[in-house]
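Just so you know, all these numbers are worked out from the coordinates, no wet-lab data involved. The structure presented is a predicted model; accordingly, all values stated were derived computationally and were not measured. Methodologically, a virtual Cβ is constructed for each residue, glycine included, from the backbone with ideal geometry; neighbour enumeration extends over all protein chains shown.
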Amino acid sequence: MSRDNETKRRFLFAALIVASLVLLTVFLREPASGTLHALRDKGAGSLTPLQSLATRAVKPFRDGYQYVGDLAGAMEENRDLKREMESLRGRVIELDEAKEENDRLKQALDFRNADIFPDGSRFVTARVIGWSPTRWQEWVRIDRGSAQGVKLNSPVVGVSPSLGDSLYGKGLVGKVVAVGENSALVQLIIDAESSVAAVAQGTRAQGIVEGTASGKLVMDYVERDQPVEVKKVVITSGSGQIYPKGIPVGIVESVGEEDVNIYKRIELRAFVDYSALEEVMVIVIESGSVQLEEQMDSVAPNEETGSGSGR
């Protein structure tokens, strides 16, 4: 019985193929107004509502799939843009830092070329690599030492950025108090143990600029009968064996007098912002400097200072 069913299926399949071929032949040969063409058009017209309904039913799923695909692409593009933005931001930071460093070095070069340093002076440019941990001591560590020619008691000058109404930013920093092979310790002039022989421009009143525990500068030992004007520049006087004459120290902010004190108390505003120091210049004065010898010869014996005073 199964064999009869299989024979019927084969016969039916063959009949369908023959019928399809006959209908296809007739359809292709008859004119466009023929019966088969009319049946096709009617069938397509009757299926149009079903196709429209199916299209509307599928559209949300198709739109959702497209949205997910677009969202994934947008997220990937956003990640790429963020990576590119971070890279560009890092580059901008590098360029800004390089520009600021170049500006500082240019100012330092201009300061070095100023006609205030002794002939024969050699400058060793150094980076600040460390600061004193407390306010009781004011010093910085630099990355140059004896291997680069830095010597004990060498004067140090520097340039700091001009912030707000801060002064010019170029002036005396301090002196070298300890030297290693590739590093050195610089005592700042705002240190309480520091002292610098100085003179106020204009009246030429002389005194000693000292640091204080609060980190400010005070010019002491100025005779009460010597006039000193506010906003006058104070420079190194050249007295002593460390600091050459003419290095800017600060500007007079206030002048005080007390009846019990035989000296004026003059507060200065330093030219250098010591908290913002990044590079300094160590002045190495070669032996035999004619200008320095003339400065030393012009100092009276009672004005000379010992190594402990640091003037």
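Observations on the model:
- Charged neighbours of GLU267, selected by a Cβ distance under 10 Å, balance to +2 (K, R count +1; D, E count -1).
- Put simply, the amide H of TRP139, placed in the peptide plane, has neighbours under 5 Å in SER132, LEU188, leaving out anything fewer than 5 places away on its chain.
- Ranked by the mean number of other Cβ atoms within 10 Å of their residues, highest first, the peptides 215-221, 89-95 fall in the order 215-221, 89-95.
- Sorting the segments 193-202, 71-80, 260-269 by their residues' average number of neighbouring beta-carbon atoms within 10 angstrom, most packed first, yields 193-202, 260-269, 71-80.
- Note on VAL68/TRP136: beta-carbon distance plugged into 1/(1 + (r/R0)^6) with R0 of 45 Å gives a FRET efficiency of 0.10.
- Where the Cα pairs of the range 202-279 fall when distances are cut into 10 Å bins, in %: 18, 51, 27, 4, 0
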